1. To the nearest 0.05, how large is the calculated FRET efficiency for GLU149 and ASP65 if R₀ is 41 Å and r is the Cβ-Cβ distance?
2. I need the chymotrypsin sites (Phe, Trp or Tyr not before Pro) found in segment 177-244, filtered to DSSP loop residues with at most 16 other beta carbons within 10 Å of theirs.
3. Among the GluC sites (Glu not before Pro) within segment 192-244, which fall in a DSSP loop and have no more than 14 other Cβ atoms within 10 Å of their own Cβ?
4. Name the residues of segment 161-175 whose amide N is less than 16 Å from a point 7 angstrom out from the Cα of THR123 along the C-beta direction?
5. Set the Förster radius R0 to 30 Å, insert the Cβ-Cβ distance between GLU203 and ARG171 as r into 1/(1 + (r/R0)^6), and round the FRET efficiency to 0.05.
6. Give me the log10 of I(q) over I(0) for segment 64-180 at q = 0.13, 0.15, 0.16 Å⁻¹, as the Debye formula computes it from C-alpha points; what are the numbers?
7. Want the number for ASP159 to SER139: 0.36 nm per residue separation, take away the alpha-carbon distance, what's left?
8. Could you work out the relative contact order of segment 31-186, using alpha carbon pairs under 8 angstrom and six or more residues apart, expressed as a whole percent?
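Any read-out appearing in this document is the output of simple, stated calculations on the displayed coordinates, not a laboratory observation. Everything numeric in this text was worked out from a predicted model, so none of it was measured. We place every Cβ from the backbone using ideal geometry, glycine too, and count neighbours over all the protein chains shown.
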Amino acid sequence: MKKFYTVIFSTVLALTLVACGGDEPEQVEGDVNGDNGEIEQDIDLGFNEEDIPEVIATVNGQELDRDLYIALLQQEANNLLMQGVDMGTEEAQNYMNDAKREYLEKLVDEELIIQVAEERGITATEEEVDAEIAMYLDSMQIEETELNEMLDAQGLSMDDVREDFIDLVLRAKFIDEEISTPDITEDEIEATYEELVANTGEEAPTLDEYREDIEQYLKSQKEQEELNLIIKDLKEESEIDRFV
């Protein structure tokens, strides 16, 4: 699996993608530490790492290992724990079972996109990759030296993870080529605004204040729907084996 996702998600993106790792979960005994927001061990993450095979799926012969899959599940579990959810409840277990299925499919989907992008000759220039790295650093509000230090702590370097930034560029270029810019009608904008106002339960900003955000939301929604159809076709044409 990609080193970047495993390493970065377990360090820089701890707030959103990964939380404390751990051995086989026992029972729910974790508390939130008020000083730093971290969850104390030992905790039940709602899944047992030992039950997850080293290879979680193959996509057209390409193996997907379990590292990122486990990292994503850990984050979902820690998000629940931070909300005070008892991971031993049936509701929490059902949630984690859904997360297992959803993340497996997301990882399969991403692998399919990269494979077809490479098959179609889509490439990433050094400048594009550098720009992707810079955008990532800016979004995380960290300096490259900080990223290098975190990678070094994992025994890695930027050279080790550059391939993953290449994949991010390939994915973006594939989507740009395959997905058309959707048209957003005024009726759609107004309907979405009315729904938003109805759900807020309080005085909401005017439509003009929300217009740009609503347009972007509807655009992203339509693009995702189109991408889902593309992925559906790719799956039908591909040989995929899932082991979890």
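1. Details: r = 25 Å, r/R0 = 0.62.
Efficiency for this residue pair is about 0.95.
2. Working: sites: TYR193, TYR210, TYR217, PHE243; in loops: PHE243.
Of the chymotrypsin sites (Phe, Trp or Tyr not before Pro), the ones in loops of segment 177-244 whose Cβ has at most 16 other Cβ atoms within 10 Å are PHE243.
3. On the way: sites: GLU194, GLU195, GLU202, GLU203, GLU209, GLU212, GLU215, GLU223, GLU225, GLU226, GLU236, GLU237, GLU239; in loops: GLU202, GLU203, GLU239.
Within segment 192-244, the qualifying GluC sites (Glu not before Pro) (loop, at most 14 other Cβ atoms within 10 Å) are GLU202, GLU203, GLU239.
4. Flagged as within label range: 166-167, 169-171, 173-174.
5. Details: r = 40 Å, r/R0 = 1.34.
Efficiency at R0 = 30 Å is approximately 0.15.
6. With one equal scatterer per Cα and no solvent, log10 I(q)/I(0) is -0.72, -0.90, -0.98.
7. Using 0.36 nm per residue and subtracting the Cα-Cα distance, I get 5.2 nm.
8. Values: 96 pairs, mean separation 29.0, N = 156.
Once divided by the residue count of segment 31-186, the mean separation gives 19 percent.
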